Amino acid sequence: MNQNTIFDLVKKTNRGLKRYFKRFFEKIDLLGENSDKSNKYEIYSVIGICAIFLLLLYKLIITHSRMFAHDTIWYYGLIHYFYNSLTKGVFPYWDPYDYCGQPFYYNLGISRIFELPSLILIFINKVINVSLLTLYHWDFILRIIIIAIGIYGSFRQTNKYVASNLVVFISFLFSSFSFASMWQCGLLTTFMWTPYCLWFLLRLYKKLNLYNVVGFALFTGLSITSYQAGYVLTFLAIFILTFLINKRNWLFHIFRSKKNIGLLTIGMIIVILLSLQGVAVFIEKDRTIPLLRRLYAPTEVTYRGEGSIGKHNCLLDFIGLFFPLIAASRGEAIHNKSFSEGPLYIGIIPLLLAVMGICSSKDKWKINFLITFLVVSFLAVGGKYKLGPLGEWLFPFLRYAQNMQLFQPFIILTLMYFVGQGMDILIKWCRNEY
């Protein structure tokens, strides 16, 4: 093959790729408006973004030269035992790792290991047979992607343009949440199904039917069985309470119909049934679980879950919106403790879009998300400035929450709404429509 033949082949390949990508972007219509259903090219874009995310983590999920750290690897012993037991066809009744041994079912909700992502990967691993540590890494990364897809689906209902959906998806998937979760697993286990709760809650506003009620109830129930359920319940309570400000007519209307009340009753029953496992653990906490917590609880009040005993954010943590490495910086000279383990960085460009959305958006959901952002931010820092009792009085679920820094993903969630709104405004401006 001579040199001219090679050049001709390169030119033909280049022309072919140009035609393909031109046709691809015409089909996806990035500047086009959202429709009720995603077209296949929009789905391909989401898959491509996920592939790039996985490629950047190749040392973790392929070559295994990296691994999780801190709390996320601390839980591995328990999860290794779970994976190993199910792989051998034995159900794990006893947890030999925590508190010198305890019944295993205490961990089913807290660690989120008895859910479909884990079970599917365990089944697949019976065929491919990778190490259980690798399986744990895959399970965790898969859950991050599932959360990001939930964010995408939620804000696809509020954004106007396809490009806005993809910008929100990229901004969240590559935000500090994804990488902080590999250090502090509580961020993920607390937040896991919250985007799907929001997804179905926004759908309920459009149409209150059995499908949407069951979807919202299902994911709310799954969230309640998580590590520190108080955060999810508080977030949902705040967001629903904002309906009293600018959606109260809809809120009052749904209680005027017997059919709607029946649907809501079905949803409530589903939530209660799914939360029973957590209730059982709470009832048995003094009788069965060894009372080691008494050794470090400063008072009997905090031991019994009637006050926050953990870490709080501080106002300086919001510098993390501008500086990605804020969590790695030690701040003793400034506020006597290190910065939060839940950094808030989402990227400078997404942050600018969020500011644009906050300042200029006229969307019907703006007030709801703005109030939710402000209240959740207050709760995250309130305990640091002796305002914790006020937050616990307003939202009693917080009495059972230990670490206010776990509000980080909920703050980022509200910011993602404004990122989408800012991108909508930018597109309208480019099209001379704003």
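The values are calculated or read from the model by the stated rules, or taken from the named source; none is laboratory data. Every value quoted in this text rests on a predicted model; they were computed, and no experiment measured them. Because the Cβ atoms are built from the backbone with ideal geometry, glycine has one as well, and the counts that use them run over all protein chains shown.
Only residues that are within 28 Å of F179 (Cβ to Cβ) and in contact (Cβ under 8 Å) with a residue 12 or more places away in the chain: list them for the range 366-381, please. F369, L370, T372, F373, V375, V376, S377, F378, L379, A380, V381, listed by residue number. Within the range 333-372, take every residue that is among the aromatic types (F, W, Y) and modelled with pLDDT under 95 and give me the one that is nearest to L398 (Cα to Cα). Result: F339. Among the residues of the range 122-152, just one is basic (K, R) and closer than 23 Å to T190 by Cβ, namely R143. If you go through the range 228-250 and keep only what is over 26 Å from the mean Cα position of the chain (by Cα) and without any contact (Cβ under 8 Å) to a residue 40 or more places away in the chain, you end up with R248, N249.
Evaluated against (1) in contact with a Lys or Arg (Cβ under 9 Å, 6 or more places away or on another chain); (2) over 26 Å from T414 (Cα atoms); (3) of a type in the set (K, R), K247 falls short on exactly one condition, (2).
Which one is modelled with the highest pLDDT among residues in the range 312-332 that are surrounded by 19 or more Cβ atoms within 10 Å (Cβ to Cβ) and assigned to a loop (DSSP other than H, G, I, E, B)?
Restricting attention to the range 312-332, the residues satisfying the condition of being surrounded by 19 or more Cβ atoms within 10 Å (Cβ to Cβ) are 312-314, 317, 320-321, 326-327.
Now narrow it down to the ones that are assigned to a loop (DSSP other than H, G, I, E, B): 312-314.
Values: H312: 61, N313: 64, C314: 69.
So, considering only residues that are surrounded by 19 or more Cβ atoms within 10 Å (Cβ to Cβ) and assigned to a loop (DSSP other than H, G, I, E, B), the one modelled with the highest pLDDT is C314.
Any residue at all in the range 144-158 that's of a type in the set (S, T, N, Q), out of contact with any Pro (no Cβ under 9 Å at 6 or more places or on another chain) and modelled with pLDDT of 90 or more? Spell out the reasoning first.
Taking the range 144-158 as the starting set, the residues that turn out to be of a type in the set (S, T, N, Q) are 154, 157-158.
Those still in the list that are out of contact with any Pro (no Cβ under 9 Å at 6 or more places or on another chain) too: 157-158.
Narrowing further to those that are modelled with pLDDT of 90 or more: 157-158.
Yes - at least one qualifying residue is present in the range 144-158.
Does the range 102-111 include one or more residues that are farther than 27 Å from G89 by Cα, surrounded by fewer than 22 Cβ atoms within 10 Å (Cβ to Cβ) and not charged (D, E, K, R)? It would help to see each step written out before you state the result.
Here is the first cut: in the range 102-111, the residues farther than 27 Å from G89 by Cα are none.
So far as the range 102-111 goes, no, none of its residues is farther than 27 Å from G89 by Cα, surrounded by fewer than 22 Cβ atoms within 10 Å (Cβ to Cβ) and not charged (D, E, K, R).
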